[in-house]
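Notes to accompany the following structure.
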Amino acid sequence: MDESKPNHAENWVQRLRPGADDRDIAISELRSYLVRAMSRSLTHRYGGQIDVEDIVQQAMMKVLGSLDTFRQQSRFTTWASSIAVRIGISQLRRHYYRDVSLDVTPENSELRMDFADSSPDYFGDAEVRNKVLTLLQRLIEETLSDRQRIAIRGTLQGLPVEEIAVRLNSNRNAVYKLVHDARVRLREGFESNGVTAEEIAAVIS
Amino acid sequence: MTILTFAQAKQLLTTVSKTVPDQLSCDDCFELMAEFADAEIHGNELTAALKAVRIHFSQCPCCAYEYTTLLEALQEPEAILK
(Lines give C-alpha, C1' and ligand atoms only; values in the text may rest on other atoms or scores of the structure.)
Protein backbone atom coordinates (compact mmCIF):
# COMPACT_ATOMS: atom_id res chain seq x y z
CA MET A 1 0.00 0.00 0.00
CA ASP A 2 1.21 3.48 -0.82
CA GLU A 3 1.95 5.11 2.52
CA SER A 4 1.66 8.57 1.02
CA LYS A 5 -2.06 8.06 0.53
CA PRO A 6 -4.25 9.58 3.20
CA ASN A 7 -6.18 6.39 3.81
CA HIS A 8 -3.13 4.44 4.85
CA ALA A 9 -4.07 3.40 8.34
CA GLU A 10 -0.82 4.32 10.03
CA ASN A 11 -0.82 7.67 8.28
CA TRP A 12 -4.28 8.44 9.62
CA VAL A 13 -3.36 7.49 13.16
CA GLN A 14 -0.24 9.68 13.07
CA ARG A 15 -2.08 12.65 11.63
CA LEU A 16 -4.89 12.43 14.18
CA ARG A 17 -2.68 12.23 17.26
CA PRO A 18 -2.53 15.31 19.47
CA GLY A 19 0.31 17.58 18.37
CA ALA A 20 0.47 16.32 14.79
CA ASP A 21 1.23 19.10 12.30
CA ASP A 22 -1.91 18.69 10.22
CA ARG A 23 -4.21 17.24 12.86
CA ASP A 24 -6.92 19.83 12.23
CA ILE A 25 -6.87 19.07 8.52
CA ALA A 26 -7.02 15.32 9.18
CA ILE A 27 -9.95 15.78 11.56
CA SER A 28 -11.76 17.89 8.98
CA GLU A 29 -11.14 15.32 6.24
CA LEU A 30 -12.33 12.42 8.35
CA ARG A 31 -15.40 14.32 9.52
CA SER A 32 -16.32 15.21 5.92
CA TYR A 33 -15.86 11.61 4.85
CA LEU A 34 -18.05 10.28 7.66
CA VAL A 35 -20.79 12.84 7.10
CA ARG A 36 -21.05 11.81 3.46
CA ALA A 37 -20.85 8.10 4.26
CA MET A 38 -23.42 8.27 7.06
CA SER A 39 -25.75 10.50 5.06
CA ARG A 40 -25.78 7.82 2.41
CA SER A 41 -26.21 4.84 4.71
CA LEU A 42 -28.26 5.98 7.73
CA THR A 43 -30.85 8.49 6.64
CA HIS A 44 -33.22 5.99 4.99
CA ARG A 45 -33.17 3.47 7.84
CA TYR A 46 -35.65 3.16 10.72
CA GLY A 47 -37.51 6.24 9.56
CA GLY A 48 -34.35 8.29 9.16
CA GLN A 49 -34.99 10.46 12.23
CA ILE A 50 -31.33 11.27 12.79
CA ASP A 51 -28.93 14.18 12.93
CA VAL A 52 -25.98 12.95 10.90
CA GLU A 53 -23.71 15.77 12.05
CA ASP A 54 -24.39 14.82 15.66
CA ILE A 55 -23.73 11.13 15.01
CA VAL A 56 -20.46 11.95 13.27
CA GLN A 57 -19.45 14.21 16.13
CA GLN A 58 -20.02 11.36 18.60
CA ALA A 59 -18.12 9.00 16.31
CA MET A 60 -15.21 11.44 15.95
CA MET A 61 -14.87 11.65 19.72
CA LYS A 62 -14.92 7.87 19.97
CA VAL A 63 -12.39 7.47 17.15
CA LEU A 64 -10.01 10.09 18.51
CA GLY A 65 -10.22 8.55 21.95
CA SER A 66 -9.62 5.04 20.67
CA LEU A 67 -6.69 5.47 18.28
CA ASP A 68 -4.56 3.13 20.38
CA THR A 69 -7.12 0.35 20.05
CA PHE A 70 -7.10 0.49 16.25
CA ARG A 71 -5.40 -2.76 15.24
CA GLN A 72 -4.63 -1.72 11.67
CA GLN A 73 -6.24 -4.87 10.31
CA SER A 74 -8.56 -2.80 8.12
CA ARG A 75 -8.52 0.53 6.36
CA PHE A 76 -8.77 3.33 8.85
CA THR A 77 -11.88 4.77 7.21
CA THR A 78 -13.57 1.36 7.39
CA TRP A 79 -12.87 1.18 11.10
CA ALA A 80 -14.06 4.75 11.69
CA SER A 81 -17.18 4.09 9.62
CA SER A 82 -17.99 0.98 11.63
CA ILE A 83 -17.95 3.07 14.79
CA ALA A 84 -20.18 5.74 13.28
CA VAL A 85 -22.61 3.12 11.94
CA ARG A 86 -22.98 1.47 15.32
CA ILE A 87 -23.63 4.77 17.06
CA GLY A 88 -26.07 5.85 14.35
CA ILE A 89 -28.03 2.60 14.15
CA SER A 90 -28.32 2.43 17.93
CA GLN A 91 -29.76 5.94 18.01
CA LEU A 92 -32.14 5.22 15.15
CA ARG A 93 -33.37 2.05 16.83
CA ARG A 94 -33.87 3.83 20.14
CA HIS A 95 -36.08 6.39 18.45
CA TYR A 96 -37.89 3.97 16.17
CA TYR A 97 -38.84 1.49 18.89
CA ARG A 98 -39.40 4.00 21.69
CA ASP A 99 -43.14 3.32 21.73
CA VAL A 100 -42.93 -0.48 21.51
CA SER A 101 -43.46 -1.94 24.95
CA LEU A 102 -42.29 -5.29 26.21
CA ASP A 103 -43.81 -6.51 29.44
CA VAL A 104 -40.84 -7.98 31.27
CA THR A 105 -42.64 -9.25 34.36
CA PRO A 106 -42.28 -13.00 34.97
CA GLU A 107 -46.06 -13.24 35.18
CA ASN A 108 -46.20 -12.29 31.53
CA SER A 109 -43.50 -14.63 30.30
CA GLU A 110 -45.94 -17.29 29.17
CA LEU A 111 -46.05 -17.96 25.45
CA ARG A 112 -48.89 -20.02 24.03
CA MET A 113 -49.57 -21.25 20.56
CA ASP A 114 -52.77 -20.27 18.87
CA PHE A 115 -53.77 -23.66 17.54
CA ALA A 116 -57.07 -22.24 16.39
CA ASP A 117 -55.19 -19.85 14.11
CA SER A 118 -56.75 -20.51 10.74
CA SER A 119 -53.36 -20.25 8.98
CA PRO A 120 -54.73 -19.78 5.48
CA ASP A 121 -51.21 -19.98 4.15
CA TYR A 122 -50.65 -23.48 5.49
CA PHE A 123 -51.39 -26.32 3.11
CA GLY A 124 -49.25 -29.04 4.68
CA ASP A 125 -50.03 -32.08 6.80
CA ALA A 126 -52.12 -30.93 9.78
CA GLU A 127 -50.92 -33.86 11.88
CA VAL A 128 -47.27 -32.92 11.41
CA ARG A 129 -48.07 -29.31 12.12
CA ASN A 130 -49.83 -30.15 15.37
CA LYS A 131 -47.04 -32.49 16.42
CA VAL A 132 -44.38 -29.82 15.88
CA LEU A 133 -46.36 -26.98 17.46
CA THR A 134 -47.41 -29.06 20.46
CA LEU A 135 -43.80 -29.97 21.12
CA LEU A 136 -42.68 -26.38 20.58
CA GLN A 137 -45.23 -25.28 23.17
CA ARG A 138 -44.02 -27.88 25.65
CA LEU A 139 -40.34 -27.06 25.08
CA ILE A 140 -40.99 -23.36 25.59
CA GLU A 141 -42.70 -24.11 28.89
CA GLU A 142 -40.29 -26.74 30.18
CA THR A 143 -36.85 -25.75 28.94
CA LEU A 144 -36.78 -21.94 28.78
CA SER A 145 -36.40 -19.50 31.64
CA ASP A 146 -38.78 -16.58 32.16
CA ARG A 147 -36.20 -14.17 30.76
CA GLN A 148 -35.62 -16.36 27.73
CA ARG A 149 -39.34 -16.46 27.00
CA ILE A 150 -39.58 -12.69 27.37
CA ALA A 151 -36.57 -12.17 25.10
CA ILE A 152 -37.95 -14.57 22.50
CA ARG A 153 -41.26 -12.72 22.62
CA GLY A 154 -39.38 -9.48 22.02
CA THR A 155 -37.67 -10.87 18.93
CA LEU A 156 -41.04 -12.07 17.62
CA GLN A 157 -42.37 -8.54 18.12
CA GLY A 158 -39.52 -7.40 15.89
CA LEU A 159 -37.44 -5.78 18.62
CA PRO A 160 -33.65 -5.83 18.05
CA VAL A 161 -31.69 -7.47 20.86
CA GLU A 162 -30.21 -4.15 21.96
CA GLU A 163 -33.71 -2.76 22.47
CA ILE A 164 -34.75 -5.87 24.39
CA ALA A 165 -31.64 -5.34 26.51
CA VAL A 166 -32.79 -1.82 27.40
CA ARG A 167 -36.15 -3.11 28.55
CA LEU A 168 -34.56 -5.95 30.53
CA ASN A 169 -31.98 -3.61 32.10
CA SER A 170 -29.35 -5.81 30.57
CA ASN A 171 -26.84 -5.46 27.74
CA ARG A 172 -26.76 -6.51 24.14
CA ASN A 173 -24.24 -9.33 24.59
CA ALA A 174 -26.19 -10.88 27.43
CA VAL A 175 -29.51 -10.73 25.61
CA TYR A 176 -28.04 -12.12 22.42
CA LYS A 177 -26.69 -15.06 24.44
CA LEU A 178 -30.04 -15.44 26.19
CA VAL A 179 -31.86 -15.68 22.86
CA HIS A 180 -29.27 -17.85 21.18
CA ASP A 181 -29.14 -20.29 24.09
CA ALA A 182 -32.94 -20.49 24.02
CA ARG A 183 -32.88 -21.41 20.34
CA VAL A 184 -30.22 -24.03 21.00
CA ARG A 185 -32.36 -25.55 23.76
CA LEU A 186 -35.39 -25.65 21.51
CA ARG A 187 -33.39 -27.21 18.69
CA GLU A 188 -31.94 -29.83 21.04
CA GLY A 189 -35.41 -30.46 22.41
CA PHE A 190 -36.77 -31.22 18.96
CA GLU A 191 -33.85 -33.55 18.26
CA SER A 192 -34.15 -35.43 21.54
CA ASN A 193 -37.89 -35.85 21.00
CA GLY A 194 -37.42 -37.33 17.57
CA VAL A 195 -38.83 -34.49 15.51
CA THR A 196 -36.89 -34.42 12.26
CA ALA A 197 -35.58 -31.42 10.38
CA GLU A 198 -37.84 -32.47 7.53
CA GLU A 199 -40.93 -32.26 9.75
CA ILE A 200 -39.97 -28.77 10.91
CA ALA A 201 -39.22 -27.76 7.35
CA ALA A 202 -42.66 -28.99 6.31
CA VAL A 203 -44.29 -26.66 8.84
CA ILE A 204 -42.28 -23.56 7.99
CA SER A 205 -42.24 -24.00 4.23
CA MET B 1 -49.80 -14.52 28.67
CA THR B 2 -48.87 -13.92 25.05
CA ILE B 3 -50.55 -15.78 22.24
CA LEU B 4 -48.29 -16.69 19.35
CA THR B 5 -49.87 -16.65 15.93
CA PHE B 6 -49.02 -19.37 13.49
CA ALA B 7 -46.89 -16.87 11.57
CA GLN B 8 -44.87 -16.13 14.73
CA ALA B 9 -44.52 -19.83 15.49
CA LYS B 10 -43.18 -20.35 11.98
CA GLN B 11 -40.78 -17.46 12.47
CA LEU B 12 -39.51 -19.01 15.69
CA LEU B 13 -39.20 -22.46 14.12
CA THR B 14 -37.28 -20.96 11.22
CA THR B 15 -34.70 -19.34 13.48
CA VAL B 16 -34.48 -22.48 15.63
CA SER B 17 -33.88 -24.66 12.59
CA LYS B 18 -31.05 -22.38 11.45
CA THR B 19 -29.38 -22.16 14.85
CA VAL B 20 -25.74 -23.19 14.91
CA PRO B 21 -23.04 -22.74 17.58
CA ASP B 22 -21.79 -19.15 17.70
CA GLN B 23 -18.48 -18.32 19.33
CA LEU B 24 -18.90 -14.56 19.20
CA SER B 25 -20.78 -11.99 21.20
CA CYS B 26 -22.10 -8.89 19.45
CA ASP B 27 -19.16 -6.89 20.79
CA ASP B 28 -16.70 -9.52 19.54
CA CYS B 29 -18.35 -9.27 16.15
CA PHE B 30 -18.13 -5.50 16.15
CA GLU B 31 -14.41 -5.63 16.90
CA LEU B 32 -13.89 -7.66 13.73
CA MET B 33 -16.50 -6.04 11.50
CA ALA B 34 -14.22 -3.55 9.75
CA GLU B 35 -11.64 -6.23 9.03
CA PHE B 36 -14.37 -8.53 7.75
CA ALA B 37 -15.76 -5.79 5.50
CA ASP B 38 -12.41 -5.04 3.89
CA ALA B 39 -11.70 -8.74 3.42
CA GLU B 40 -15.01 -9.26 1.67
CA ILE B 41 -14.75 -6.10 -0.42
CA HIS B 42 -11.30 -7.07 -1.64
CA GLY B 43 -12.12 -10.76 -2.03
CA ASN B 44 -9.52 -11.86 0.49
CA GLU B 45 -9.65 -15.32 2.00
CA LEU B 46 -11.30 -15.26 5.41
CA THR B 47 -9.32 -16.26 8.45
CA ALA B 48 -10.93 -18.54 11.04
CA ALA B 49 -11.75 -15.48 13.13
CA LEU B 50 -13.48 -13.80 10.21
CA LYS B 51 -15.40 -16.95 9.35
CA ALA B 52 -16.78 -16.77 12.88
CA VAL B 53 -18.05 -13.28 12.04
CA ARG B 54 -19.98 -14.69 9.10
CA ILE B 55 -21.54 -17.31 11.39
CA HIS B 56 -22.51 -14.61 13.88
CA PHE B 57 -24.21 -12.60 11.14
CA SER B 58 -26.29 -15.68 10.27
CA GLN B 59 -27.48 -15.86 13.89
CA CYS B 60 -27.77 -12.18 14.81
CA PRO B 61 -29.98 -9.98 12.61
CA CYS B 62 -28.90 -6.89 14.57
CA CYS B 63 -25.23 -7.27 13.69
CA ALA B 64 -26.05 -8.37 10.14
CA TYR B 65 -28.11 -5.20 9.68
CA GLU B 66 -25.28 -3.03 10.95
CA TYR B 67 -22.92 -4.75 8.55
CA THR B 68 -25.25 -4.07 5.62
CA THR B 69 -25.33 -0.43 6.69
CA LEU B 70 -21.54 -0.34 6.90
CA LEU B 71 -21.18 -1.74 3.38
CA GLU B 72 -23.46 0.98 2.11
CA ALA B 73 -21.43 3.62 3.95
CA LEU B 74 -18.27 2.30 2.34
CA GLN B 75 -19.64 2.87 -1.13
CA GLU B 76 -18.80 6.50 -0.55
CA PRO B 77 -16.08 7.47 -3.04
CA GLU B 78 -12.82 8.22 -1.30
CA ALA B 79 -12.02 10.99 -3.72
CA ILE B 80 -12.95 13.41 -0.98
CA LEU B 81 -9.86 12.29 0.90
CA LYS B 82 -7.44 13.07 -1.92
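The values are calculated or read from the model by the stated rules, or taken from the named source; none is laboratory data. Keep in mind it's a predicted model, so treat the numbers as computed, not measured. Cβ: placed from backbone, ideal geometry, glycine included. Neighbour counts: every protein chain shown.
For the subset of the range A:146-193 comprising residues that are of a type in the set (Ser, Thr, Tyr) and either in contact (Cβ under 8 Å) with a residue 12 or more places away in the chain or touching a helix residue (DSSP H, G or I) at 6+ places or on another chain (Cβ under 6 Å) (or both), which member is farthest from the other protein chains (Cβ to nearest Cβ)? Explain how you work it out, then say what you get.
To start, the set of residues in the range A:146-193 that are of a type in the set (Ser, Thr, Tyr) comprises A:155, A:170, A:176, A:192.
Right, trim to either in contact (Cβ under 8 Å) with a residue 12 or more places away in the chain or touching a helix residue (DSSP H, G or I) at 6+ places or on another chain (Cβ under 6 Å) (or both) and you get A:155, A:176.
Working: A:Thr155: 8, A:Tyr176: 5 Å.
Step by step, filter the range A:146-193, then rank; the result is A:Thr155.
Consider B:Thr69 carefully, then state whether it is without any contact (Cβ under 8 Å) to a residue 12 or more places away in the chain and facing chain A (nearest Cβ under 8 Å). Walk me through how you get there before you give the answer.
Details: without any contact (Cβ under 8 Å) to a residue 12 or more places away in the chain: yes; facing chain A (nearest Cβ under 8 Å): yes.
When the stated conditions are applied, B:Thr69 passes them.
Total residues in the range A:80-111 satisfying the condition of being free of Cβ contacts under 8 Å to residues at least 60 places away in the same chain and aromatic (Phe, Trp, Tyr): the figure is 1.
Within the range A:33-89, the residues that satisfy the criterion of being of a type in the set (Phe, Trp, Tyr) and more than 7 Å from every other protein chain (Cβ to nearest Cβ) are A:Tyr46, A:Phe70, A:Phe76.
Yes/no matrix, rows are residues, columns are (1) farther than 21 Å from B:Asp38 by Cα; (2) charged (D, E, K, R):
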position: A:Val13; (1), (2): no, no
position: A:Pro18; (1), (2): yes, no
position: A:Val35; (1), (2): no, no
position: A:Ser41; (1), (2): no, no
position: A:Gly48; (1), (2): yes, no
position: A:Met60; (1), (2): no, no
position: A:Ile89; (1), (2): no, no
position: A:Asp99; (1), (2): yes, yes
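For the range B:20-33, a residue qualifies if it is at the interface with chain A (Cβ under 7 Å from one of its Cβ atoms) and touching a residue at least 24 places away in the same chain (Cβ under 8 Å), and the qualifying residues are B:Asp22, B:Cys26, B:Phe30, B:Met33.
State whether one or more residues within the range B:11-19 are among the β-branched types (Val, Ile, Thr), free of Cβ contacts under 8 Å to residues at least 12 places away in the same chain and under 25 Å from A:Asp68 (Cβ atoms). Checking the range B:11-19: not a single residue is among the β-branched types (Val, Ile, Thr), free of Cβ contacts under 8 Å to residues at least 12 places away in the same chain and under 25 Å from A:Asp68 (Cβ atoms).
Given the options A:Asn171, A:Asn130, name the one that is farther than 19 Å from B:Pro21 by Cβ, surrounded by fewer than 18 Cβ atoms within 10 Å (Cβ to Cβ) and modelled with pLDDT of 95 or more.
Sole residue among the options that is farther than 19 Å from B:Pro21 by Cβ, surrounded by fewer than 18 Cβ atoms within 10 Å (Cβ to Cβ) and modelled with pLDDT of 95 or more: A:Asn171.
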